[in-house]
């Protein structure tokens, strides 16, 4: 299935890739892949991502900025990339801090149209 | 004053720079600079950024990711970079979609220690 292929590819082809998920904005995952051995808890993350996207959407509206296309978070332990697929779904990729952010962004960007075609 | 210098420099030396602000996490600006002619409403933005950072901090805690260092938002109209200065303050830089993101990130990163020294 294309969803499963995309999330696995995003993790395995990005240096430092830990996990990827295609998710609805209510935090329910459609497809996910966690690199074997990584301790990412995607269920908890889903809820938090949903909250985060809601806050981001409110911020974008308040600044009349148009819909969110990409969100990038850097913390001590992870780099997180979120990319909107449509108003209902997004894809997230979690990397180690030293992961290849540019490659990750590229893979999400080129994968998005193929995912959206399946909806 | 260094705060005023930094926000002006961040906007004027980044191609596509529109506005920059050093702000407390409660949304109150310490110093801001808006490029003449740009229609950015920093007061509204401040409240939204504060909400966004609160949601992001909760997400980071939930994923045990360590403190947030950088947040990047892409919408149709703006690129927004937020960089944590300390647990209380952050700096934000708003660019046009075609703005030089890499230069903006660089300027915020190298300016942060000089700002923090003043607190």
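Just name the residue that is nearest to the other protein chains (Cβ to nearest Cβ) out of those in segment A:21-47 that are part of a helix (DSSP H, G or I) and closer than 24 Å to residue A:102 by Cα.
Here the answer is A:45.
Looking only at segment A:68-85, which residues are touching a helix residue (DSSP H, G or I) at 6+ places or on another chain (Cβ under 6 Å) and in a loop (DSSP other than H, G, I, E, B)?
Correct list: A:85 only.
For segment B:95-119, name all the residues that are within 12 Å of chain A (Cβ to nearest Cβ) and either surrounded by fewer than 21 Cβ atoms within 10 Å (Cβ to Cβ) or not in a helix (DSSP H, G or I) (or both).
B:95, B:96, B:97, B:101, B:102, B:105, B:109
Report yes if residue A:92 is more than 10 Å from every other protein chain (Cβ to nearest Cβ), under 19 Å from residue A:30 (Cα atoms) and in contact with a helix residue (DSSP H, G or I) (Cβ under 9 Å, 6 or more places away or on another chain), otherwise no.
The answer is yes for residue A:92.
Which condition does residue A:85 not pass, out of (1) at the interface with chain B (Cβ under 10 Å from one of its Cβ atoms); (2) within 17 Å of residue A:20 (Cβ to Cβ); (3) within 13 Å of the chain's Cα centre (by Cα), if it passes all the others?
All conditions pass for residue A:85, except number (1).
Since residue B:54 meets every condition but one in (1) surrounded by fewer than 17 Cβ atoms within 10 Å (Cβ to Cβ); (2) assigned to a helix (DSSP H, G or I); (3) in contact with a helix residue (DSSP H, G or I) (Cβ under 8 Å, 6 or more places away or on another chain); (4) at pLDDT 90 or above, which condition does it not meet?
It is condition (4) that residue B:54 fails.
Say whether the condition of being without any contact (Cβ under 8 Å) to a residue 40 or more places away in the chain and at positive phi is met by at least one residue in segment A:75-97.
No, there is no match, as no residue in segment A:75-97 is without any contact (Cβ under 8 Å) to a residue 40 or more places away in the chain and at positive phi.
The values are calculated or read from the model by the stated rules, or taken from the named source; none is laboratory data. From a predicted model like this one, the values you see are computed outputs, not experimental measurements. A quick note on method: Cβ atoms are made from the backbone with ideal geometry, for glycine too, and the neighbour counts reach across all protein chains shown.
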